[in-house]
Amino acid sequence: MNFAIVVFPGSNCDHDAYHAAKHVLGQEAHFVWHKDASLGAADVVILPGGFAHGDYLRTGAIARFSPVMTAVQAFADSGGPVIGICNGFQVLLEAGLLPGAMLRNTDMYRCEYVHVRVEQTDTPFTGLCTPGQVLKVPIAHGEGNYYADDETLDELERNRQVIFRYATSSGEVTAAANPNGSARNIAGICSRQRNVVGLMPHPERACEFALGSGDGKVVLESVVNALARA
């Protein structure tokens, strides 16, 4: 499978994603500059973490206008699997590929391991997970406080679009387990078509146990499996 990893000015997790796809999973991977009009021979697209365009105005607010986002939108519209991680999630929100917005964390920039509970397994990125499975993955963000109005949140719940929630290591969804104030402990969501996923934690940084956790590997393994089955 070929992973296209979009690089914006200020991206800093692009090489983490490349390493996970290429060297951990043994798949093909290539970088796509934000001014490119094509994703190349992409089977899956990753919008990585970082500080696209310095996070000026708002996180992802400038990146949404990059030429490559037209190709990302078309790829998503065709059913292609797209994942936005941290800053990539913020870009997907600003571009309208996912609903909602990001606010500043309720206290401070957070850089630590957290636990997230897998809520849905019928997306390309959670197909190898089990419902309720708890993953230990790191976060590193200052604007990860997911926000949407109550009507949108209720719609996300009805459509089973909440994919990950912050939880305790035993899977309990509690206020103490929420590191940034996100509404309803939401750590990740998907599109109505379920092929676009955004999450604030970094699965690509938790693909090898030498880094403190290998739990994130299942997220990328899931999309490889989904594409192989397709």
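The values are calculated or read from the model by the stated rules, or taken from the named source; none is laboratory data. Treat the numbers as computed from the prediction; the structure is a model and nothing was measured. Virtual Cβ from ideal backbone geometry, glycine too; neighbours counted across all protein chains shown. When the accessible area is computed, the model is the full protein with side chains, heavy atoms only, and any ligands, DNA or RNA have been set aside. Shrake-Rupley method; radii C 1.70, N 1.55, O 1.52, S 1.80 Å.
If you plug the beta carbon distance of ARG58 and ASP150 into 1/(1 + (r/R0)^6) with R0 = 25 Å, you get a FRET efficiency near 0.70.
By the equivalent-ellipsoid construction on the alpha carbon gyration tensor, the stretch 124-215 comes out with semi-axes of 21, 16, 13 Å, ordered largest to smallest. Give me the base-10 log of I(q)/I(0) for the stretch 1-41 at each q in 0.25, 0.35 Å⁻¹, Debye formula, one uniform scatterer per Cα, rounded to two decimals. Listed by q, the Debye log ratios stand at -0.81, -1.17.
A 1.4 Å probe run over the stretch 1-152, with the rest of the protein chains in place, finds 42 Å² accessible per residue.
When the chain is treated as a Gaussian network with alpha carbon springs shorter than 10 Å, the biggest mean-square fluctuation among GLY84, GLY198, GLY181 belongs to GLY181.
Remind me, relative contact order of the stretch 14-132 in percent, using alpha carbon pairs under 8 angstrom and six or more residues apart?
Once normalised by length, the contact order is 21 percent.
Computed over the stretch 174-230, the P(r) tail beyond 13 angstrom holds 70 percent of alpha carbon pairs.
Expressed as a whole percent, the accessible surface of the chain that belongs to carbon and sulfur atoms is 50, based on a 1.4 Å probe. If R0 is taken as 25 Å, the Cβ-Cβ distance between ARG104 and THR174 corresponds to a FRET efficiency of 0.70.
For the chain, what does -39500 (n - 2.57) per DSSP helix run (n ≥ 4), summed and divided by total residues, give at 222 nm, in deg cm²/dmol to the nearest 500? The per-residue figure over the chain is -6000 deg cm²/dmol. Simple spin-label estimate for LYS136 and LYS22 gives 2.9 nm between the two label positions (7 Å along the Cα-to-Cβ direction from each Cα). Scaled against 2.2 N^0.38 Å for its residue count N, the alpha carbon radius of gyration of the chain is 0.90. Approximating the spin labels as points 7 Å out from Cα along Cα→Cβ, the LEU211-to-ARG160 distance works out to 2.9 nm.
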